[in-house]
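Down below is the structure, laid out as C-alpha cells.
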Amino acid sequence: MLSVGVNGYGTIGKRVADAVVAQPDMELVGVAKTRPNYEAERAVKNGYPLYAAIEERAEKFDAAGIELAGLVEELVDEADVMVDATPSGIGAENKSLYDEYDTPALYQGGEDADLVDTSFNAVSYTHL
Ligand SMILES: NC(=O)c1ccc[n+]([C@@H]2O[C@H](COP(=O)([O-])OP(=O)(O)OC[C@H]3O[C@@H](n4cnc5c(N)ncnc54)[C@H](OP(=O)(O)O)[C@@H]3O)[C@@H](O)[C@H]2O)c1
C-alpha cells in the first residue's frame, strides 16, 4: 500500500486526493492547506485528514472549528510520496521540505520542468 500526501487542496489537489482514495493499492495520508475555507471543510467532510501548511496559521483552523491532524511536516514525514498541487512557485519552495524528509514528490504542473529529474504530460486526442 502506497501512502500518498497531497499538498495544496484546490482544483487539482481535490481531484488527486479523490483519485488516490479510489485506488486499491494507495492510501491517502492527508491533504494540506493554508486557510480554513470551504475546501478545508470539504476535506474534513470527506474524512481526509487535514494538515496546516503554515504553522502560524494553524490556530485559524481551530478558530473556524475545523479539526487539524497536524502540520504539513508530519504529513510529509508519514507519506511515501507527496503530490504538490500548490500554486506556481510554491511547489519549488516546498522542494526543500520534501528533500529534508527524503520523501519523493510529484509537482502537478505549476513548476518549471527543470525542478525535477523527470517531466511528463498526458495528451488525449479526440477524433470526431
Ligand atoms: N487547474 C488547472 O487546469 C491547471 C492546469 C495546469 C497547471 N496548473 C497548475 O497547478 C497548480 C495548482 O492549480 P489549481 O488550479 O489546483 O490551483 P488552486 O485551485 O488555486 O489550488 C491551489 C491550492 O493550494 C493551496 N495553497 C496555497 N498556498 C499553499 C501552500 N503554501 N501550501 C499548501 N497549499 C497551499 C490553496 O489554498 P489555500 O491557500 O486556502 O490553502 C489551494 O487550495 C498551479 O500552479 C497551476 O498553475 C493548473
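The values are calculated or read from the model by the stated rules, or taken from the named source; none is laboratory data. Just so we're clear, the structure is a prediction, and the values are computed from it rather than from any experiment. Positions of Cβ are generated from backbone atoms using ideal geometry, with glycine treated the same way; all protein chains shown enter the neighbour counts. We work out accessible area using only protein heavy atoms, side chains counted, and drop any ligands, DNA or RNA first. Shrake-Rupley method; radii C 1.70, N 1.55, O 1.52, S 1.80 Å.
Okay, here's what the table says:
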{"item": "Extension gain, Glu56 back to Asp77 (0.36 nm per residue minus Cα-Cα distance, nm)", "result": "5.6 nm"}
{"item": "Average accessible area per residue (Å²) across the chain - probe 1.4 Å, nucleic acids and ligands excluded", "result": "62"}
{"item": "Solvent-accessible area, 1.4 Å probe, carbon plus sulfur percent, for the chain", "result": "48"}
{"item": "Longest segment of the chain lacking chymotrypsin sites (Phe, Trp or Tyr not before Pro) that sit in a DSSP loop with at most 16 other Cβ atoms within 10 Å", "result": "1-100"}
{"item": "Linear extension gain, Asn121 paired with Ala19, 0.36 nm per residue minus alpha-carbon span", "result": "35.0 nm"}
{"item": "Ratio of Rg to Rh over the chain (Cα coordinates, Kirkwood Rh, two decimals)", "result": "0.99"}
{"item": "Reach of Lys60 by Cα under 20 Å, taken over lysines that are not fewer than 8 positions away in the same chain", "result": "Lys33, Lys45"}
{"item": "Given charges at beta-carbon only (K, R positive; D, E negative), |dipole| of the chain in Debye", "result": "780"}
